[in-house]
Structures are given as structure tokens and as C-alpha cells.
Amino acid sequence: MYKTQAEALEFLQAFLPLLENTPEDRDVILCAPFTTLTALSKNLHGSRVQVGAQNIHWEDSGAFTGEISGPMLLETGVRYVVIGHSERRQYFGETDATVNQRLKAAQSHRLTPILCVGESKAQRDANQTESVIFEQLEKGLVGVDQNNLMIAYEPIWAIGTGDTCASSEANRVIGLIRSRLTNSKVTIQYGGSVKPDNVDDIMAQPEIDGALVGGASLAGEDFARIVNYQ
């Protein structure tokens, strides 16, 4: 929940010039608050940066005050949507069942969902990392087309804490996630205190296809350094 429309456009002025030498095979997606999506889409039209939303409701319309539907998102020009982020699960009652409904709704409107999975510190300390994530995948992916899907592994204990999961451990867990999929080519990202000074090591891991970036994406220079990882 960051940036007004004016602040988002100011961000683009700092960010876009730093992508001139970014390799063509890298996908850059800004998943922004609902109020900034239309402005971002208009200002990014024809650029290499795509726009995503942070949530979607499973119905196209109805008495769901405060929610946003697929048709509403399509109208803003987005192509992606984050679903099941740990903050949605922790603060707003998101469950594996509602995650599944949102995933299928996104795909029904030809949006690519970015499914977030990950364990809490208590679950990791109890050696439940694998069982928690496998359950999230099993329940979340029922009836979901894995040919139009991205997944982000975001250990909850590493989000906004500055405590990054060791890149080798992130690689191991992402490899386990991949082993549970019917489509092994699904793009799987790591999220959790990704910063300019650790992204090179993270992206050197063979199982990690990308990064889901939180706080470090708020400054154009920092996010550009992450996009331009070496």
C-alpha cells in the first residue's frame, strides 16, 4: 500500500531510464495498488514494463464491497495479478480455498496469476516448511492451468524483516515446489527481503527464475539494480 498516482509517475521517471541496457529476456512487472493501475498502464504503453494488480475477486460483480473483479482489472490494462500474498493471508483471512477461487478467476480473464506460498517462522522452526507449502500448492492449484501461472516462494519470516532466506535454501525449496507441479517450466520466483546487495547471489541459483520484490522496489534506482542483476 504505497504510492499515490503522482508518486507512481515520479517513480517511473527515475526507473525507466535505468532499463535501457536491461537484457531483453527479462520480464519486468510492476504490481501496484488499484488506484495507480490505469495511470501506470497509460504511461507504460509501448514500454517493456508490464503492469499487474495485487489482488482479484473470484466473482465478476456482486455485493463484495471493497473488492476488485477481473473485468475491472482488464479495463485498466493489467496482465498479471498477485494472489495469496502472505499479508493477504495473515491480515485479511485469505485461505487456500479463496486463493484457488481467485487463481481460477484470474485465468478465466486471461490474466496470469502470481501465486504466493511460504511458511511462517513457527512452521519453519517446527520443521513443517515442506508440508505447509505442499498443502498450499495442493489446495491452491485444484483446477488451475499451470501453463498460465507464476509462483513465488516467500518465506513469511523473511518478509520485511531483513532476514533473508539463504539463497541455497531458497533454491532447495523452489526445487521442491517445482517437483510438485505438472508443468516443470512454471516460472518460480523468490520473495523475501530481496535487495540490490543480495539479488546477484539469489539469481545465480539454478532453480530460481525471478524475484518478487517488496520494499526494495519502492525506489527506482534500487529496483532497477535488482532488474539488472549480474
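The values are calculated or read from the model by the stated rules, or taken from the named source; none is laboratory data. Since the structure is predicted, the reported quantities are computational estimates derived from the model, not experimental observations. Cβ sites come from the backbone with ideal geometry, for glycine too, and all protein chains shown count toward neighbours.
Before moving on, here are some points about what is shown:
- Of all residues in segment 74-87, those being modelled with pLDDT of 95 or more and out of contact with any strand residue (DSSP E or B) (no Cβ under 8 Å at 6 or more places or on another chain) number 2.
- Answer residue from segment 87-139, given it is closer than 23 Å to residue 213 by Cβ, of a type in the set (Lys, Arg) and under 18 Å from the mean Cα position of the chain (by Cα) and is surrounded by the most Cβ atoms within 10 Å (Cβ to Cβ) among those: 102
Table: residues versus (1) among the basic types (Lys, Arg); (2) within 21 Å of residue 84 (Cα to Cα); (3) without any contact (Cβ under 8 Å) to a residue 12 or more places away in the chain.
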| residue | (1), (2), (3) |
| --- | --- |
| 141 | no, yes, no |
| 144 | no, yes, no |
| 156 | no, yes, no |
| 166 | no, no, yes |
| 176 | no, yes, no |
| 181 | no, yes, no |
| 193 | no, yes, no |
| 207 | no, no, no |
| 221 | no, no, no |
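- Top-ranked residue in segment 56-69 [being of a type outside the set (Val, Ile, Thr) and touching a His at 6+ places or on another chain (Cβ under 8 Å); ranked as surrounded by the fewest Cβ atoms within 10 Å (Cβ to Cβ)]: 64
- Some residue of segment 210-219 being under 20 Å from residue 8 (Cα atoms), modelled with pLDDT of 95 or more and over 15 Å from the mean Cα position of the chain (by Cα): yes
- Residue 108 closer than 21 Å to residue 29 by Cα and at pLDDT below 95: no
- Here residue 161 meets each of (1) in contact with a Leu (Cβ under 7 Å, 6 or more places away or on another chain); (2) part of a loop (DSSP other than H, G, I, E, B); (3) of a type in the set (S, T, N, Q) with one exception, condition (1).
- For segment 147-156, taking the residues that are at pLDDT 95 or above and farther than 17 Å from residue 207 by Cα, the one that is nearest to the chain's Cα centre (by Cα) is identified as 148.
- Among residues of segment 186-202 being under 19 Å from residue 218 (Cα atoms) and in a loop (DSSP other than H, G, I, E, B), the one that is nearest to the chain's Cα centre (by Cα) is 192.
- Among all residues of segment 168-185, there is none that is out of contact with any Asp or Glu (no Cβ under 7 Å at 6 or more places or on another chain), surrounded by 20 or more Cβ atoms within 10 Å (Cβ to Cβ) and not in a helix (DSSP H, G or I).
- Any hit, segment 117-125, residues being free of Cβ contacts under 8 Å to residues at least 60 places away in the same chain, closer than 22 Å to residue 89 by Cα, hydrophobic (A, V, I, L, M, F, W, C) and in contact with a helix residue (DSSP H, G or I) (Cβ under 6 Å, 6 or more places away or on another chain): no
- Matching entry among 230, 136 (being of a type in the set (S, T, N, Q), within 20 Å of residue 98 (Cβ to Cβ) and in contact with a helix residue (DSSP H, G or I) (Cβ under 8 Å, 6 or more places away or on another chain)): 136
- Looking only at segment 95-118, and only at residues there that are in contact with an Asp or Glu (Cβ under 9 Å, 6 or more places away or on another chain) and in a loop (DSSP other than H, G, I, E, B), the one that is nearest to residue 153 (Cα to Cα): 118
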